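The values are calculated or read from the model by the stated rules, or taken from the named source; none is laboratory data. The shown structure was predicted, so the numbers you read here are calculated from the model rather than taken from an experiment. Because the Cβ atoms are built from the backbone with ideal geometry, glycine has one as well, and the counts that use them run over all protein chains shown. For the accessible areas, the whole protein counts, side chains as well, though only heavy atoms, and no ligand, DNA or RNA atoms are used. Shrake-Rupley method; radii C 1.70, N 1.55, O 1.52, S 1.80 Å.
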Amino acid sequence: MNRWDELTGGSSGEDYAARLAVVADSGKDMHGEARFCAALVPAGARVLDAGCGTGRVMIRLAELGYDCVGVDLDESMLAVARREAPELTWIRADLTDFAPADVHAAAGFDLVVAAGNIFPLLATGTEAAAVSRLAAALRPGGLFVSGFGLDEAHLPVPPSITLPEYDTYCAAASLAFVGRFATWDADPYEGGGYAVSVHRR
């Protein structure tokens, strides 16, 4: 069982969507991740949203003209995503053994994005496997983008992965470091409890 399931029981999709709706109604910008990704690859690019949840990021990217596939293990989250955007491709799969061919999806994505604390919420010890699987879904030259918390102030669970560990997993998966930011608005990373990392296959 991954740490997300331990935290939520795998049945939090509707509650999660309701909380996001409250935040959106408050006027908060909800599209920083999509904007960040759109600055990296042109419209029309193939994007894999790894740990897509209720689909907030992917739905926005699709609206911007990207060819998107969403993958998540939590069926309650996917149910919301499918209801909100039934025309898009939503796949239930475990990121630690995900293979596009197994779910009749072509590999060769231009960008893989893992937003929303995906790696700290995996089962401890499976992070390297998830990075390797997601890297394999990229085309040569494709970009791998992830953003996650590094301390208790930015996570719903105790921290479980450091940036040096994450970079080691990326290097083992033949991903080269491109850059790191403190936010999805591309503020420079100078240390701190949250980081957005970009690597290239």
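Restricting Arg133, Arg60, Arg82 to residues that are at pLDDT 95 or above, of a type in the set (Lys, Arg) and closer than 23 Å to Phe181 by Cα narrows the list to Arg60.
Of all the numbered requirements in (1) open to solvent by 70 Å² or more (accessible area, probe 1.4 Å); (2) out of contact with any Lys or Arg (no Cβ under 8 Å at 6 or more places or on another chain); (3) more than 18 Å from Leu95 (Cβ to Cβ), Ala171 misses one, and that requirement is (1).
Any chance segment 135-146 includes a residue that's small (Gly, Ala, Ser), closer than 25 Å to Ser160 by Cα, in contact (Cβ under 8 Å) with a residue 40 or more places away in the chain and outside any helix (DSSP H, G or I)? Scanning segment 135-146, I find at least one residue that is small (Gly, Ala, Ser), closer than 25 Å to Ser160 by Cα, in contact (Cβ under 8 Å) with a residue 40 or more places away in the chain and outside any helix (DSSP H, G or I), so the answer is yes.
Here Gly179 passes the criteria (1) closer than 30 Å to Val103 by Cα; (2) not in a loop (DSSP other than H, G, I, E, B) except the one numbered (1). Selection of segment 115-130 for residues being of a type outside the set (A, V, I, L, M, F, W, C) and either open to solvent by 20 Å² or more (accessible area, probe 1.4 Å) or at pLDDT below 95 (or both) yields Gly116, Asn117, Thr124, Gly125, Thr126. If you go through segment 174-187 and pick out every residue that is surrounded by 15 or more Cβ atoms within 10 Å (Cβ to Cβ), touching a helix residue (DSSP H, G or I) at 6+ places or on another chain (Cβ under 9 Å) and not polar (S, T, N, Q), you end up with 5.
Can you name every residue in segment 12-70 that is part of a strand (DSSP E or B) and open to solvent by 20 Å² or more (accessible area, probe 1.4 Å)? The answer is Arg46, Asp67. In this structure, Pro159 does not satisfy being over 25 Å from Ala43 (Cα atoms), outside any loop (DSSP other than H, G, I, E, B), of a type outside the set (D, E, K, R) and in contact with a strand residue (DSSP E or B) (Cβ under 8 Å, 6 or more places away or on another chain). With respect to the conditions (1) aliphatic (A, V, I, L, M); (2) touching a residue at least 24 places away in the same chain (Cβ under 8 Å); (3) open to solvent by less than 60 Å² (accessible area, probe 1.4 Å), Ala153 falls short on a single one, namely (3). The single condition among (1) over 21 Å from Ser146 (Cα atoms); (2) touching a residue at least 60 places away in the same chain (Cβ under 8 Å) that Ser26 does not satisfy is (2). Of everything in segment 71-114 that is assigned to a loop (DSSP other than H, G, I, E, B) and charged (D, E, K, R), the residue that is most open to solvent (accessible area, probe 1.4 Å) is Glu87.
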